[in-house]
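The values are calculated or read from the model by the stated rules, or taken from the named source; none is laboratory data. Remember, predicted model here, so these are calculated numbers, not experimental data. Positions of Cβ are backbone-derived with ideal geometry, glycine not excepted, and every protein chain shown enters the neighbour counts. We work out accessible area using only protein heavy atoms, side chains counted, and drop any ligands, DNA or RNA first. Shrake-Rupley method; radii C 1.70, N 1.55, O 1.52, S 1.80 Å.
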Amino acid sequence: MPLALLALAVGAFGIGTTEFVMMGLLPDVADDLHISIPAAGHLVSAYALGVVIGAPLLAALTARMSRRTVLIALMALFVAGNALSAFAPGNDSLLAARFLSGLPHGAFFGVGAVVATGMVPPERKARSVSLMFLGLTVANIAGVPVATLVGQHLGWRATFLGVSVIGLAAIASLALLIPHDRAHGAAPTGLRGELAALRSLPVWLALGTTVAGFGALFAAYSYVTPMLTDAAGYAETNVTLLLALFGVGATAGNLLGGRLADHSLRGTLFGGLAALGAVLLLFPLLMRAEWSAALAVALLGMAAFITGSPLQLMVMEKAAAAPSLASSANQAAFNLANAGGAWIGGLALAAGFGTTSPALAGAALAVLGLGVASVAWAVDRRGEGVADSGSGSAGWVVAGYETPAAQETSAAVDAVRR
């Protein structure tokens, strides 16, 4: 695999750290700014809102630019947002800084996925995406716990300064390792043309699968702490270590999903969603003992992240005319899944169905995800969306990163079609 994927992983590590660390620092931030915990929780929502808005918007606006330049610029915006967070004088300014920090998140992963798949032969596309996402999953194992400890001992502002340093390291890595590519000024499509490329039923079905599938994860994961303490009997001091197990499972699932998806993208997606539904259905039983609860947390991360690379590739292939925009829109869908899944899991709790009921709600969402994926498969079988998807080689030729293997495969496909 190209060493340039390491640069993308470093950026993903910084983004993953800043996204999740706020949850562990809420009490410290609330105390320092003299606001309530619920008010501090809006800082999490502000970041997510930035992701949802920034992902498709920035990807569309930068569609004609060099992908390498775009990645560096997005990471510079990330550094600025985290530095402003560190020096924010009050809650309102911190909200604005967190929103700014979230803006480049989705576009970075979206453009990064296009760059990653363009640097490898077609048979390794999914693995290249999974290696980029490796930075995100490792952030849950190491980045978030370390950043939380730094914030608790040196102050939460030190955490965001540290994340800014990670961002600067990512910029240096991108500048050194990502190959130069041409700008896309000759492309006839502007913002309207990029958005028009998403007017495809297969694209929206792929995005819907992401929302339902990862909504299943967040319906349960958002409430995993009370499950571990109230149902499994763990002390609150042990929860951080258990959440690191989730990161271990997610890392393993991400790498496994990337390898399997290169052999069967659709089969890996169906298998991952089915496994996720099964794990969530077993959650009430697994939460009855400490050892099985720890196993459940790891299995949850593994089953959910098996589907990460297949979903990313599926969206890109269904909107080959605008792969960066489609890939970035998929990141917005991940964050919608975060918010929607947590809301649905909360409804189950509020209805009095028990501490582990959010997991059962998540299982229902996983079944819904399987249903949407099945509809997408049926649409593909009928041949709908072919015009929107472009030629079979379109997904391999992006941003001037076409590999020799991709060129040969593309030429062979075109020759057959002629």
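Scanning region 328-356 for residues that are open to solvent by less than 10 Å² (accessible area, probe 1.4 Å) and either over 10 Å from the mean Cα position of the chain (by Cα) or without any contact (Cβ under 8 Å) to a residue 12 or more places away in the chain (or both) yields a count of 3. The single residue among A55, A73 that is buried (at least 18 other Cβ atoms within 10 Å of the Cβ) and either modelled with pLDDT of 90 or more or hydroxyl-bearing (S, T, Y) (or both) turns out to be A73. Looking only at region 80-124, residues that are open to solvent by 20 Å² or more (accessible area, probe 1.4 Å), part of a helix (DSSP H, G or I) and not polar (S, T, N, Q) come to 12 in all.
Screening T210 against (1) without any contact (Cβ under 8 Å) to a residue 60 or more places away in the chain; (2) polar (S, T, N, Q); (3) open to solvent by less than 30 Å² (accessible area, probe 1.4 Å) leaves a single unmet condition, (1). Quick check on region 281-304: of everything there that is open to solvent by less than 40 Å² (accessible area, probe 1.4 Å) and either among the aromatic types (F, W, Y) or within 20 Å of the chain's Cα centre (by Cα) (or both), which residue is nearest to A212 (Cα to Cα)? Selected residue: A304. Under the condition of being touching a Lys or Arg at 6+ places or on another chain (Cβ under 8 Å) and more than 18 Å from G308 (Cα to Cα), the residues counted in region 329-385 number 1.
Taking residues in region 98-118 that are within 13 Å of I15 (Cβ to Cβ), and partners anywhere that are not in a helix (DSSP H, G or I), the pairs with Cβ atoms closer than 8 Å and at least 6 places apart or on different chains are A107/T62; V111/T62.
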